[in-house]
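Remarks on the structure that follows.
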Amino acid sequence: MPPKFHLTLLIHAHQPCGNFDHVFASCYEKSYQPFVELLEKHPHIHAALHYSGPLLQWLEHNRPEYFEKLRSLVERGQIEMVGGGFYEPILVSIPAQDQKDQITRLADYLEHHFAQRPKGAWLAERVWEPQLPSALSNAGVGYTLLDDIHFHSAGFEPGELFTTYLAEDAGKTVAIFPGQKKLRYLLPFGGVDESIAWLREAATAHPGGVAAMGDDMEKFGVWPETYQHCYSEGWLDSFFTAIAKNSDWLQLSTPSEYLAEHHSHGRADLPTASYTEMMEWVLPTDVRLRYQNLLKEFSHRPEVITFLRGGPWRAFFRKYSESNLLNKKMLRVSARLAGAPQRRASSVAAHELLEARDCLLRAQCNDAYWHGVFGGLYAPHLRTELWRNLIRAEAVADRHTPGASMARVETFDYDADGAPELLFTSPESQTLLKPSDGATVAFFDFRLAAATLVNSVTRRPEAYHARVRQAATLPAGHVASIHDQTRVKEAGLDRFLRYDRWPRHSFRVLLFDAAKTHANYEALELHEDAEFAAGTFTVKSSSPHDAEFVREAPLALLRKDGAASPNFILTKRFSLGPAPHGCEISCEVTLKLAHPGHAGETPDSQANFAHRPSLALGIESVINFLAPDADDRFFESPLPKSNSHEALGYESRAHRSNTGEVRVLEPSALVVAARKEFLRFSGELPAPTLRIEDGWQKVRVTLTAPNVQSFWIAPIETVSESEEGFERVYQGSQILPVWWLNLADAKSWTTRLTWRLEHL
């Protein structure tokens, strides 16, 4: 009798740091609980289970009975608990010491709770680089699982992938199971008979071999319609039953059970890779569309398809500057903590540094660093959770590093884009200013509340946006792989497909035609002057509390009928410092003619310039306080005196009108009415002051713009892909105080925008 064919299932369950509690609970009810209950019902099913640290911690505190089920399955040898990075990082994107710390933490946790130290590790998103074998081996990892595309990329034939191999770096090795893409799609989206037939065919061709499949537990119940498919209609129960019926030739083995009886078949020197879909998602949108066309063209040529693959995971840092900035902040915080002086283990400082290190590791959770079929980078609550942890960790490192608590400015290439930035750090805040992008603020961290204010994303074309436009005409889908579905969470999403000209930074100066309106601003149709909005500014001076930037260029808006525009100088002077209960950042802008009355100007060009219409100038703020419809997050603007109801005494009542809530402010004993709007508000609010409050983070920001009649406000909303379909996501608000100026009447013009931050 030929030896049995082995099936190894490595099932991965994960929830990212910062995800909503109701999401954890829903996934538990739809997937984690019923999956394990079926394992209890089918004791012949042996499998390897990997749970990420954030999910394990939630289960431990909220569903302790689930741990008892897992312990019972471990004790009877039915399941094998698999390790990995505790907070599910992409290992290649974090420092070597953090790699080891992440893996060791999860191994220690599993050994403590399940009395079994893991022998293998789940590799987040199966992101592989050739140096990983030594990193894994040094952390005590004996095996992992990768996809067949990793092996195809190294020249392996499909028939060679029914065994295990050794990957080596610097003399250190780790066993690799080749995961079968076909199985990933069959389970659970193919028929049970079809799945068994595929396994029988593989067993006939490779007696004694192994077919491995590593994939998400969430696709067994959480992905759209899969709960009904897997449990209500019984697909998973039927599959486990079919395995038992074919036990004369098919055996389910955990990875360690298989490795205990089988030797690996030589080396596998694998290139940088991830699973096929990930390597497609990372491609720039235009390139991705061409890649998709190429895949379609050769869809019936498998011998060609094996040579087609996308890009490396790290290319997300190029595709999404927001991901790159987050990663570089994480690397900086890791270095800052590593450089903090050692403290006595029992000291308060040592305890704070340990907590800061945990914050750092939490901030390495991979989900918000990339985007594919899941929201990921486009999920602001996930980005915010990572930023908050990094702010906390870096503030602790500064407190416990001699001299680091003083206000300071550093000039270096913070985000590794080839251009220097200015990093302002104080006990109250940290600010990154980018001279190469219009002298704008890329991030502003309010340390007193561990809140990051800017934290938006650029609205950019995505390859799936064409499907968004077509979605309304498509019929309802059947049960299909999440990679093949087209679903929308609300009708008319195509009207939100707008694309930004510039990164969503703050204090960007927009010069545009004075005839433009708020509607143009919301539609991204101001056609602002590019030279001053996003050009490279020269750093004229800097100190720990201020900096001055200048740029000289012609105004494109003044070019008409072939006439040249004279050069203008735009100066931006930033001031940063403490304030009661918080801090302030202010930007003073001066626009003037570079050479007024210069002899080189012709009478025609002077006359042409003198008759130009007035220009408008705005200093844009981008602020993201997350939940746009929450009662504790809102815009608030004092109404003009003619519209306010003033009286002596105090008042606490409020009522809601069609346009917003009119509530009472108490600056003194005088009661003044104010207009209040939710964050998703679009329109104009009275100036010169505008308050934005976040009761959850306990932060208030007051914007002050002298001599401005109103603030133009519009929500920044993306249309992105998620597990449940295409969705509209609030990414913050763009806020523009607008000044109208006639440069023919004055050769120099100055104004200012100030943010005042308070910790409530």
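So which of Ala404, Ala368, Ala356, Ala340 ends up being under 30 Å from Ser542 (Cβ atoms) and either at pLDDT 95 or above or polar (S, T, N, Q) (or both)? Sole residue among the options that is under 30 Å from Ser542 (Cβ atoms) and either at pLDDT 95 or above or polar (S, T, N, Q) (or both): Ala356.
Checked against (1) under 30 Å from Leu39 (Cβ atoms); (2) among the acidic types (Asp, Glu); (3) over 24 Å from the mean Cα position of the chain (by Cα), Glu303 meets all criteria but (1). Show the residue pairs meeting these rules: Cβ distance below 6 Å; 6+ apart or different chains; first residue within region 514-533 and at negative phi; second residue crowded, with 18+ Cβ neighbours inside 10 Å and of a type in the set (Phe, Trp, Tyr). What qualifies is His518/Trp712; Tyr521/Trp712; Leu526/Phe512; Glu528/Phe512.
Please specify each residue of region 554-573 satisfying the condition of being at pLDDT 95 or above and open to solvent by less than 40 Å² (accessible area, probe 1.4 Å). If the condition is that a residue be at pLDDT 95 or above and open to solvent by less than 40 Å² (accessible area, probe 1.4 Å), then Ile569, Leu570, Thr571, Lys572 are the ones that fit. Residues of region 281-320 that are assigned to a loop (DSSP other than H, G, I, E, B), under 23 Å from Trp370 (Cα atoms) and open to solvent by 40 Å² or more (accessible area, probe 1.4 Å): Pro284, Arg309, Pro312.
Taking every residue in region 198-222 that is among the aromatic types (Phe, Trp, Tyr) and pairing it with any residue that is open to solvent by 20 Å² or more (accessible area, probe 1.4 Å), at least 6 positions away or on another chain, the pairs with Cβ-Cβ distances below 7 Å are Trp198/Lys182.
Working only within region 243-270, note down all residues that are surrounded by 16 or more Cβ atoms within 10 Å (Cβ to Cβ) and assigned to a helix (DSSP H, G or I). Answer for region 243-270, where residues must be surrounded by 16 or more Cβ atoms within 10 Å (Cβ to Cβ) and assigned to a helix (DSSP H, G or I): Ile243, Pro255, Ser256, Glu257, Tyr258, Leu259. Restricting the search to region 514-541, which residues are of a type outside the set (A, V, I, L, M, F, W, C) and either surrounded by 21 or more Cβ atoms within 10 Å (Cβ to Cβ) or closer than 11 Å to Leu617 by Cβ (or both)? Tyr521, Glu528, Asp529, listed by residue number. The numbered conditions (1) at pLDDT below 95; (2) of a type outside the set (Ser, Thr, Tyr); (3) more than 24 Å from Ile103 (Cα to Cα) are all true for Glu322 except (1).
Screening Gly234 on (1) on the phi > 0 side of the Ramachandran plot; (2) in contact with a Cys (Cβ under 9 Å, 6 or more places away or on another chain) shows it passes everything except condition (2). Open to solvent by less than 20 Å² (accessible area, probe 1.4 Å) and either closer than 19 Å to Phe162 by Cα or at pLDDT below 95 (or both): does that describe Ala273? Judged against the criteria, Ala273 is not a match. The number of residues in region 422-455 that are of a type in the set (D, E, K, R), surrounded by 23 or more Cβ atoms within 10 Å (Cβ to Cβ) and more than 16 Å from Trp755 (Cα to Cα) comes to 1. Exactly one residue out of Ala515, Ala519 is over 29 Å from Leu326 (Cα atoms), over 28 Å from the mean Cα position of the chain (by Cα), modelled with pLDDT under 95 and not aromatic (Phe, Trp, Tyr), and it is Ala515. Restricting attention to region 716-760, the residues that are touching a residue at least 24 places away in the same chain (Cβ under 8 Å) and either under 18 Å from Phe625 (Cβ atoms) or not in a strand (DSSP E or B) (or both) total 24. Could you grab me the full set of residues in region 381-403 that are touching a Ser or Thr at 6+ places or on another chain (Cβ under 8 Å) and either touching a residue at least 60 places away in the same chain (Cβ under 8 Å) or open to solvent by less than 30 Å² (accessible area, probe 1.4 Å) (or both)? Thr384, Trp387, Arg388, Ile391, Asp398, listed by residue number.
Run down Leu736, Leu757, Leu753, Leu743 and say which single residue is crowded, with 17+ Cβ neighbours inside 10 Å and out of contact with any strand residue (DSSP E or B) (no Cβ under 6 Å at 6 or more places or on another chain). None of the others qualify; the one that does is Leu743. Of everything in region 91-105, what is surrounded by fewer than 24 Cβ atoms within 10 Å (Cβ to Cβ) and among the hydrophobic types (A, V, I, L, M, F, W, C)? Give them in sequence order. Hits for region 91-105 are Val92, Ile94, Ala96. The single condition among (1) over 19 Å from Trp223 (Cβ atoms); (2) part of a strand (DSSP E or B); (3) touching a His at 6+ places or on another chain (Cβ under 8 Å); (4) not hydrophobic (A, V, I, L, M, F, W, C) that His50 does not satisfy is (1).
Please enumerate the residues belonging to region 702-715 that are buried (at least 23 other Cβ atoms within 10 Å of the Cβ) and part of a strand (DSSP E or B). Selection gives Leu703, Phe711, Trp712, Ile713. The number of residues in region 40-82 being of a type in the set (Phe, Trp, Tyr), open to solvent by less than 10 Å² (accessible area, probe 1.4 Å) and within 28 Å of the chain's Cα centre (by Cα) comes to 1.
Rundown of residues vs (1) in contact with a Lys or Arg (Cβ under 9 Å, 6 or more places away or on another chain); (2) within 21 Å of Cys27 (Cβ to Cβ), yes/no style:
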site: Leu183; (1), (2): no, no
site: Phe189; (1), (2): yes, yes
site: Ser195; (1), (2): no, no
site: Pro207; (1), (2): yes, no
site: Ala242; (1), (2): no, no
site: Asn246; (1), (2): yes, no
site: Trp249; (1), (2): yes, no
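Taking the criterion of being free of Cβ contacts under 8 Å to residues at least 60 places away in the same chain and within 17 Å of Met213 (Cβ to Cβ), the residues of region 122-157 that qualify are Leu123, Thr144, Asp148.
Considering only region 689-703, how many residues are among the basic types (Lys, Arg), at negative phi and touching a residue at least 60 places away in the same chain (Cβ under 8 Å)? The number of residues fulfilling the criteria is 1. Just so you know, in region 338-355 the residues that are open to solvent by less than 20 Å² (accessible area, probe 1.4 Å) and either touching a Phe, Trp or Tyr at 6+ places or on another chain (Cβ under 6 Å) or part of a helix (DSSP H, G or I) (or both) include one that is nearest to Glu129 (Cα to Cα), and it is Ala350. Pairs meeting the criteria (first residue in region 608-631 and on the phi > 0 side of the Ramachandran plot and modelled with pLDDT under 95, second residue assigned to a loop (DSSP other than H, G, I, E, B) and surrounded by 16 or more Cβ atoms within 10 Å (Cβ to Cβ), beta carbons under 9 Å, at least 6 apart or on different chains) are Leu626/Asn455; Leu626/Leu679; Leu626/Gln697. In region 115-142, what residues are within 14 Å of Arg314 (Cβ to Cβ) and either touching a Pro at 6+ places or on another chain (Cβ under 9 Å) or among the hydroxyl-bearing types (Ser, Thr, Tyr) (or both)? The answer is Ala124, Val127, Trp128, Glu129, Pro130.
The values are calculated or read from the model by the stated rules, or taken from the named source; none is laboratory data. Keep in mind that this is a model prediction, so the values were computed, not measured. No Cβ is skipped: glycine too gets one built from the backbone with ideal geometry, and neighbour counts run over all protein chains shown. The protein model used for the area step is the full one, side chains on, heavy atoms only, and it has no ligands, DNA or RNA in it. Shrake-Rupley method; radii C 1.70, N 1.55, O 1.52, S 1.80 Å.
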